[in-house]
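Student: One structure, as structure tokens, below. Some questions next.
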4 protein chains.
Amino acid sequence: MSKITETTFRVRYAETDASGVVYHAHYVVWFEHGRGDWFWQQGRDYHRDVEARGYNWPVVELSARYLAPARYGDSVTVKTWVKELKSRELTLAYQIVNAETRQILCEGWTKHFNLDAQWRVVALSKELRELLTKE
Amino acid sequence: MSKITETTFRVRYAETDASGVVYHAHYVVWFEHGRGDWFWQQGRDYHRDVEARGYNWPVVELSARYLAPARYGDSVTVKTWVKELKSRELTLAYQIVNAETRQILCEGWTKHFNLDAQWRVVALSKELRELLTKE
Amino acid sequence: MSKITETTFRVRYAETDASGVVYHAHYVVWFEHGRGDWFWQQGRDYHRDVEARGYNWPVVELSARYLAPARYGDSVTVKTWVKELKSRELTLAYQIVNAETRQILCEGWTKHFNLDAQWRVVALSKELRELLTKE
Amino acid sequence: MSKITETTFRVRYAETDASGVVYHAHYVVWFEHGRGDWFWQQGRDYHRDVEARGYNWPVVELSARYLAPARYGDSVTVKTWVKELKSRELTLAYQIVNAETRQILCEGWTKHFNLDAQWRVVALSKELRELLTKE
């Protein structure tokens, strides 16, 4: 398993809904924020190191389980790691916890294909693979 | 299987991202829009018929597979149906297609618990069950 | 004053917040939806007719006044029209009403510059101007 | 003029749009994030100190000027301060800058009414006023 990063931020009012707690689709955005930060914390950047080289890693599969709600103003922490790396695809996993109580709020993963500039699924180059594995 | 409803709308610029296509979390919002419309098309309303009676049906599990991108201005159709109904939970399924070409863009499902006003998982009353089954 | 279009849709749960009504920034998205539909209803399309020709019309100024709240499931109508057209900029105006009661919920406008592919502010060509004026 | 707080975070991919830069409505969300943080940085909390006492401060007017774009991964800083305090309303102002270059990206303000539990506009109590003025 790869390095696990932690990304902590406060819940915005925009992220809540009329039931009084965070709307479920925002956790999917938080997964993306954790994913971006996994790169940033290691001095890498998805745009500069992947997109600018002509590749992109769209989400092709997504899974989430919701265990407890987050509320406005809560500090939440997204833990992110690379779960699986195949020749042409990668899977990242996430656990979102309340930053104070450490209660688990949500768990999930996203699978991504490695697409080239023509949106064809291609093998990850050595360079791209190192982005995901090199400590 | 239940009635299948179709909900069609145009993609907003707000729903696209820097890769040029729709951001993946918006499909999850579109699932919710399809789910709301499943009720509306049958003269029912989630707020009036579920929440106002003291219940709520939060998403506890979510799954999505992305097959092809949607773009700004595309007409997309969300097909929605009740996939499974248990004593205390329900699962709705979705298929999102391009409204013109009928190409499948995304498929998924959401599982919901039936919570009472104290956020306890309770059995669906006959009244709530009819919302989901009566044609 | 230009043609006024009307765009009607239901409020999504995603658009509400913990105060129980629609979150204010979503009205700004609804302005954009009205703006897009102003073109679509006239057989035009912002991407095909503006962006694909090498121009873009970013929002450079935005104003909104909120008069009454919208709630989950409400049908809302966005009325959209071109308010002002200058050599290098355009202003669209919006009024959002409850589609059933016609109560005014929000009023506002957005000013846009005409940028070329190098993001320079340039005069609107005759072709672009016709998109905005021709009935 | 009140204390000025600074809130810094990274741009999420979710916040970009097909033009390649941040979608304009997200700056309005960033205003709200700056507003929430103005309270948090002073040991106060909008939900606990305003809503839980039976009041709410909805946005009744909004203005924004966009000066330069933000991009995915940029660090942006929202500066927030109380601009004006009247008997029954308050106005907060915002300046959003690129956290590295300090280039100004967006400026704006939001006006809020002080509503009681029946959504009537009422005078700010001494307690609420202190939330906004006490250093």
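The values are calculated or read from the model by the stated rules, or taken from the named source; none is laboratory data. Here the structure is a predicted model, which is why all the values come from computation and not from measurement. Cβ: placed from backbone, ideal geometry, glycine included. Neighbour counts: every protein chain shown. These area figures cover heavy atoms from the full protein model, side chains too; ligands, DNA and RNA do not enter into them. Shrake-Rupley method; radii C 1.70, N 1.55, O 1.52, S 1.80 Å.
Student: Need the failing condition index for B:H26 against (1) touching a residue at least 40 places away in the same chain (Cβ under 8 Å); (2) within 14 Å of chain D (Cβ to nearest Cβ), just the number.
Tutor: Result: B:H26 passes all but (1).
Student: Against the definition (outside any strand (DSSP E or B), in contact with a Lys or Arg (Cβ under 9 Å, 6 or more places away or on another chain) and crowded, with 17+ Cβ neighbours inside 10 Å), how does C:Y94 come out, yes or no?
Tutor: Numbers: outside any strand (DSSP E or B): no; in contact with a Lys or Arg (Cβ under 9 Å, 6 or more places away or on another chain): yes; crowded, with 17+ Cβ neighbours inside 10 Å: yes.
Judged against the criteria, C:Y94 is not a match.
Student: Six or more apart or on different chains, Cβ atoms under 8 Å: show the pairs whose first residue is in region B:1-13 and more than 20 Å from C:R12 (Cβ to Cβ) and whose second is in a loop (DSSP other than H, G, I, E, B).
Tutor: Close Cβ pairs (under 8 Å, with a partner that is in a loop (DSSP other than H, G, I, E, B)) amount to B:K3/B:Q42; B:K3/B:E135.
Student: Out of C:S75, C:S63, C:S19, report the one residue that is under 16 Å from the mean Cα position of the chain (by Cα) and among the small types (G, A, S). Steps first, please.
Tutor: Values: C:S75 fails: under 16 Å from the mean Cα position of the chain (by Cα); C:S19 fails: under 16 Å from the mean Cα position of the chain (by Cα).
Answer to the selection: C:S63.
Student: Continuing with this model, one more query. (1) acidic (D, E); (2) away from chain A (no Cβ under 14 Å); (3) crowded, with 17+ Cβ neighbours inside 10 Å; (4) within 25 Å of D:V59 (Cα to Cα): which one isn't true of C:D37, the others all being true?
Tutor: Going through the list (1) acidic (D, E); (2) away from chain A (no Cβ under 14 Å); (3) crowded, with 17+ Cβ neighbours inside 10 Å; (4) within 25 Å of D:V59 (Cα to Cα), C:D37 breaks only (4).
Student: Separate question: Given the structure, is B:R48 within 13 Å of another protein chain (Cβ to nearest Cβ), open to solvent by 40 Å² or more (accessible area, probe 1.4 Å) and over 29 Å from A:W109 (Cβ atoms)? Spell out the reasoning first.
Tutor: Working: within 13 Å of another protein chain (Cβ to nearest Cβ): yes; open to solvent by 40 Å² or more (accessible area, probe 1.4 Å): yes; over 29 Å from A:W109 (Cβ atoms): yes.
Criteria met by B:R48.
Student: Next up: For region D:1-26, how many residues meet the condition of being of a type in the set (D, E) and assigned to a loop (DSSP other than H, G, I, E, B)? Before the answer, list the steps.
Tutor: Filtering region D:1-26 for residues of a type in the set (D, E) gives D:6, D:15, D:17.
Then keep just the ones that are assigned to a loop (DSSP other than H, G, I, E, B); that gives D:17.
Residues that pass the stated criteria total 1.
Student: I would also like to ask the following. Considering each of B:E84, B:E51, B:E61 in turn, give the residue that is among the acidic types (D, E) and touching a Lys or Arg at 6+ places or on another chain (Cβ under 6 Å). Working first, answer last.
Tutor: Numbers: B:E84 fails: touching a Lys or Arg at 6+ places or on another chain (Cβ under 6 Å); B:E51 fails: touching a Lys or Arg at 6+ places or on another chain (Cβ under 6 Å).
It is B:E61.
Student: Scan region A:39-52 and report the pairs whose first residue is in a helix (DSSP H, G or I) and whose second residue is among the hydrophobic types (A, V, I, L, M, F, W, C) and modelled with pLDDT under 95, with Cβ atoms within less than 8 Å and a gap of 6+ or a chain change.
Tutor: Note: pairs meeting the criteria are A:F39/A:L131; A:D49/A:L131.
Student: A follow-up question, please. Suppose we keep only residues that are at the interface with another protein chain (Cβ under 7 Å from one of its Cβ atoms) and assigned to a loop (DSSP other than H, G, I, E, B) within region B:59-84. Which one would you say is nearest to C:F9 (Cα to Cα)? Steps first, please.
Tutor: Let us first name the residues in region B:59-84 that are at the interface with another protein chain (Cβ under 7 Å from one of its Cβ atoms), namely B:59-66, B:72-73.
Next cut, assigned to a loop (DSSP other than H, G, I, E, B) only: B:72-73.
Values: B:Y72: 17, B:G73: 15 Å.
Result: B:G73.
Student: Of the residues that make up region C:112-125, is at least one closer than 29 Å to C:A14 by Cα and modelled with pLDDT of 95 or more? Quick ask: steps written out before the conclusion?
Tutor: Initial filter on region C:112-125 (closer than 29 Å to C:A14 by Cα): C:112.
Next cut, modelled with pLDDT of 95 or more only: C:112.
Yes, that holds for at least one residue.
Student: Just to be sure before I move on: is C:G43 more than 14 Å from chain A (Cβ to nearest Cβ), open to solvent by 20 Å² or more (accessible area, probe 1.4 Å), more than 13 Å from the chain's Cα centre (by Cα) and at positive phi in the structure I sent? It would help to see each step written out before you state the result.
Tutor: Values: more than 14 Å from chain A (Cβ to nearest Cβ): yes; open to solvent by 20 Å² or more (accessible area, probe 1.4 Å): yes; more than 13 Å from the chain's Cα centre (by Cα): yes; at positive phi: yes.
Taking the combined requirement at face value, the residue satisfies it.
Student: Count, please, the residues in region A:77-89 that happen to be in contact with a Phe, Trp or Tyr (Cβ under 7 Å, 6 or more places away or on another chain) and surrounded by 15 or more Cβ atoms within 10 Å (Cβ to Cβ). Break it down stepwise before answering.
Tutor: Quick first cut of region A:77-89, residues in contact with a Phe, Trp or Tyr (Cβ under 7 Å, 6 or more places away or on another chain) only: A:78-80, A:83, A:88-89.
Among the residues that remain, those that are also surrounded by 15 or more Cβ atoms within 10 Å (Cβ to Cβ) are: A:78-80, A:83, A:89.
Looking only at that region, the number is 5.
Student: Quick check: is even one residue across region D:110-127 outside any loop (DSSP other than H, G, I, E, B), more than 18 Å from the chain's Cα centre (by Cα), on the phi < 0 side of the Ramachandran plot and β-branched (V, I, T)?
Tutor: Within region D:110-127, one or more residues are outside any loop (DSSP other than H, G, I, E, B), more than 18 Å from the chain's Cα centre (by Cα), on the phi < 0 side of the Ramachandran plot and β-branched (V, I, T).
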